[in-house]
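Before any comments, here is the structure.
Every number in this text was worked out from the coordinates using simple rules, so none of it is lab data. Please read these numbers as outputs of a predicted model, since none were measured by experiment. Neighbour counts are summed over all protein chains in view; Cβ atoms, including those assigned to glycine, are modelled from backbone coordinates with ideal geometry.
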Amino acid sequence: MDIRLSIDYRLVNGLTKLMIYPMPLINDLLEDLDKVLWYCSLDMASGFWVVSMTDRARAISAFITPFGLFEWNRMPFGLTNAPQIYQRLIDNALYGFLRIPTAADQNALTDLFEEGHPEEMGEPSVLGRRSYIDDILVTAGSWDMLCDRVKALLEACDKWNISFSVAKSFWGLKKVDYLGHRVSNEGLEAHPKDLSALTDLPFPGTLRAMQSFLGSLNYYGRFIEDMAIYASVLYELREVDFAAIRDRAEHGRIGPTVTTTEDQQDNRATTDPKWAEAEAAFSKLKEKIATTPILRHFDTEKRSVVIVYASKWAVSTSLVQDHEGVYLPVMFTSRTLKQNELNYGVVEKEVLALLRMLDLGYSMLAGRPIQVLARHSTLAWLFRAAGLQGRLGQWAALLSPWALEITKCTREEDEILGTLAAAITPRSVVDQALTAITTRKEPRRSMDTPVPTVEQDKTLLVASFDGSARVKRGGGAFSANIWRLPEWTVVKAASGWKADMTVNEAEYSGLLLCFDLLEDQDRTRLVICGDSNLVIRQMKGEIDCKAPALTLLRQKTLRQLGTWPAHDLLHVKRAWNASADSLASAALQREAGVTVQEQDWDDLVTLNRLQEILTVTTKATTLRISAMAN
């Protein structure tokens, strides 16, 4: 009988101290592969099972089955420190830091890396490069060198009882698969294990499925030009969006754009434009992952050319090099702009694009002359201007160590460049494509807040809350204020303190305290204000709540919120929530909560600034609470 074990080690991992060990970076392992001709891609046979467990580790790994209680003799999958331990073992086998333990030491089942002794110095590294966990790449410039390195590797691994899987390994080839890439002397190719599963994937029906799709593409971000630009509209989707489309039974109308039947075109026409934009971006990304170009290895002898592109809400950069008169891509990178960056000028956005490439490609570009092709020659002004302040001065300081040659590329020259640069999309084509998937990001002009209304003969209650906590779960405090409008008088105010509490748990506790103070109030319209963006958005259902402790608090809060049919949730800046913040800070200082007495309410009124963003205006017989831009 073939039994496949699936053990839930979440509790054990939560109590395990994370082992700090420098894991190799994928991009570093893929560098300098153009200087060799032969490759071997090797995969281990037993994986983590090659590592023996100590007595204490065996007891911790115990699990219960219908057949009884079992313990692992070898290190299983699923433990939080297993990859680091295995990586350390492989690094030691390749570099020979520690000597092989004696038979007596092996029987003692102690930690080799705590009790072992250093190996004798003088032995060179077996491969001259690191591996990534159980994936080892052997490279050589000649066949004889390849055979010598493979022999040395097998001898080193045999000493440590490490075996290879012959069936899953590739020996002596000029092109091999390694870490999801196809590696050769000519360059790198994206090579997902199951490309058809990505290209045939229907439009995801849940937020988790969409995040899984985007996560798969992120691994190949260096191959997909303008990936962040096309993916931005998909990143903006929230669980509430998927829930709403399911409730309206319209999800069945969302399909691949290659389908062009008249019925489906009519269905898409009646769908929210947001989903049409998401569908277009989803199909474009699947097309791009299926047609990724070959990325050339970075050649230190060739001049580097960086092409920057900036739109209203995204930037992208391409690193290319001249190969016999044709610019061939080495690396792509892109990202969407943050809210405050949307108001930047196009020249400033081009600086952001350039800085991102210099950061991600630092190991390749540092100390080398770089030609930058931009649409605006004013980018070079940063190097000549004196007395720059603010972000311009900071950018000028960051760019000062680099040898950059800024070249203005007109639209006509840009089209020529797009023809010369293989796999580089002309900028005009990108501009045209962006109109079909325009993101909802816009420069900030006003706060997007609800506008609650209340009839003149009824009251409106405002509940403000806050939470604060010490580091390392040293205790947390929370507070709640209840206000009555339109007079902005204090109804009740209190604070509390609990040990072993995080700041988010303290924020939720403050919100729960609001409902405790509101228990004897009439169920009129309620506006809840807090400076915790996470709590407000989780209560609205805009982001998921994954932490177990927060999930319980959120469920309890939702039950309380359900007793108030007319309510609004409003996120405010901390400065406007000063009255609740002062109560929480005082409770954290004295490690005890209080109920604020009426004679102290004037202090809360003095600190309160909520009336600056929630103004009461009289119109006909209705009082309107409107949000003001801050």
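For the range 460-612, taking Cα atoms only, what is the radius of gyration to one decimal and the Dmax to the nearest whole Å?
Reported Rg and Dmax, both Å: 14.3, 42.
Give me, ordered by chain and number, the residues 5 or more places off Ala45 or on other chains with an amide H under 5 Å from its own placed amide H.
Here Ser163, Phe164, Ser165 satisfy the definition.
Of Lys286/Lys556; Lys284/Lys338; Lys35/Lys284; Lys174/Lys338; Lys302/Lys349; Lys349/Lys573, which ones are farther than 32 Å apart at the Cα?
Lys286/Lys556; Lys35/Lys284; Lys174/Lys338
What is the spin-label model distance, in nm, from Ser169 to Thr459 if the labels are put 7 Å beyond Cα along the C-beta direction?
Those two pseudo-labels are separated by 7.9 nm.
What list of ³J(HN,Hα) values in whole Hz, one per residue of the range 74-86 in order, does the Karplus curve 6.51 cos²θ - 1.76 cosθ + 1.60 (θ = phi - 60°) give from phi, with Gly and Pro shown as x?
So the J values, rounded to whole Hz, are 10, 5, x, 7, x, 7, 5, 9, 4, x, 5, 5, 5.
Would you mind putting 499-505, 157-163 in packing order, based on average other-beta-carbon counts within 10 Å, highest first? Each step should come with its number before you reach the end.
On the way: 499-505: 16.9, 157-163: 14.9.
So the order, starting with the most tightly packed, is 499-505, 157-163.
Pop a pseudo-label 7 angstrom from the Cα along the beta-carbon direction at both Leu214 and Asn533 and give the gap in nm to one decimal.
1.5
Only counting other Cβ atoms within 10 Å, I'd like Cys409, Cys147 sorted with the fewest neighbours first. Mind dumping the intermediate values first?
Values: Cys409 19, Cys147 14.
Ranked by crowding around the Cβ, least crowded first: Cys147, Cys409.
Quick one: if you stick a label point 7 Å off each Cα along the C-beta vector at Asp200 and Arg609, how many nm between them?
It is 5.8 nm.
Tell me, how many Å apart are the Cα centres for the range 1-78 and for the range 495-551?
Value for the Cα centre distance between the two parts: 39 Å.
Would you please give the residues with an amide H less than 5 Å from that of Tyr9, counting only those at least 5 places away or on a separate chain, with H modeled from the backbone geometry?
Distant-sequence amide H within range of Tyr9: zero hits.
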